[in-house]
1. Cβ-Cβ under 8 Å, sequence separation 6+ or interchain: first residue in region 121-137 and touching a residue at least 60 places away in the same chain (Cβ under 8 Å), partner part of a helix (DSSP H, G or I) and open to solvent by 80 Å² or more (accessible area, probe 1.4 Å). Which pairs?
2. Evaluate the following for P29: is it under 12 Å from G112 (Cβ atoms), at pLDDT below 90 and not hydrophobic (A, V, I, L, M, F, W, C)?
3. Restricting the first residue to region 4-28 and requiring it to be part of a helix (DSSP H, G or I), which pairs with a second residue that is polar (S, T, N, Q) and surrounded by 11 or more Cβ atoms within 10 Å (Cβ to Cβ) meet a Cβ separation below 8 Å and a spacing of at least six or different chains?
4. Given the residues E55, E15, which is the only one that is among the charged types (D, E, K, R), within 16 Å of the chain's Cα centre (by Cα) and closer than 23 Å to A130 by Cβ?
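The values are calculated or read from the model by the stated rules, or taken from the named source; none is laboratory data. Computed from a predicted structure; not experimentally measured. Note that each Cβ is placed from the backbone with ideal geometry, even for glycine, and that neighbours are counted across all protein chains shown. Accessible surface is based on the protein model in full, side chains and every heavy atom, while ligands, DNA and RNA are left aside. Shrake-Rupley method; radii C 1.70, N 1.55, O 1.52, S 1.80 Å.
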Amino acid sequence: MKRQSRAGQLRGFREHFYRQVVDAQANQPLRVLAYSLIPSPRARPDEDWGTLQAEADQLGYAIAARLHDVAVPVTTTYLPASSASQGVYTPPWDRPGWREAERQLRAGLADGVLVLDRHTISSDDDEYRAVIKHLGEHCRAFLHLVISEEPVAPT
């Protein structure tokens, strides 16, 4: 139950910045950057971009640019609890495609970033929240997920 509650908080936080952008837009279409994180250098983001384009079309967003990064695993050792290594991915702000997305947002070339799910950004709640906050406060932009943090329960 706590996990769902945290997911709901993150969704509410993300939606707060979305509303700020929408309120400032004066009925103009929102421009988004389609951003994908692909699993290897040999993979292509085409399938992700097809899904992101369909979501943008459904919501009336205009895709300003398509950007992607390769999910590069980094090995981190967590001490003192364990000396075992655990694989994690490069934080978004250390990825070249994400840095370009932020540059375009700060330049006013787009209003937000469209991604498949929150794990495209980060699976770590605190890191994910920090990215949403940075986009909202420093880039005046929002993050839109095709798959929400907290899926709607079936009825």
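1. Listed by first residue and then by second, the contacts come to G136/Q20.
2. Numbers: under 12 Å from G112 (Cβ atoms): yes; at pLDDT below 90: yes; not hydrophobic (A, V, I, L, M, F, W, C): yes.
Against the criterion (under 12 Å from G112 (Cβ atoms), at pLDDT below 90 and not hydrophobic (A, V, I, L, M, F, W, C)), P29 qualifies.
3. R11/S148
4. Going through E55, E15 in turn, the sole match is E15.
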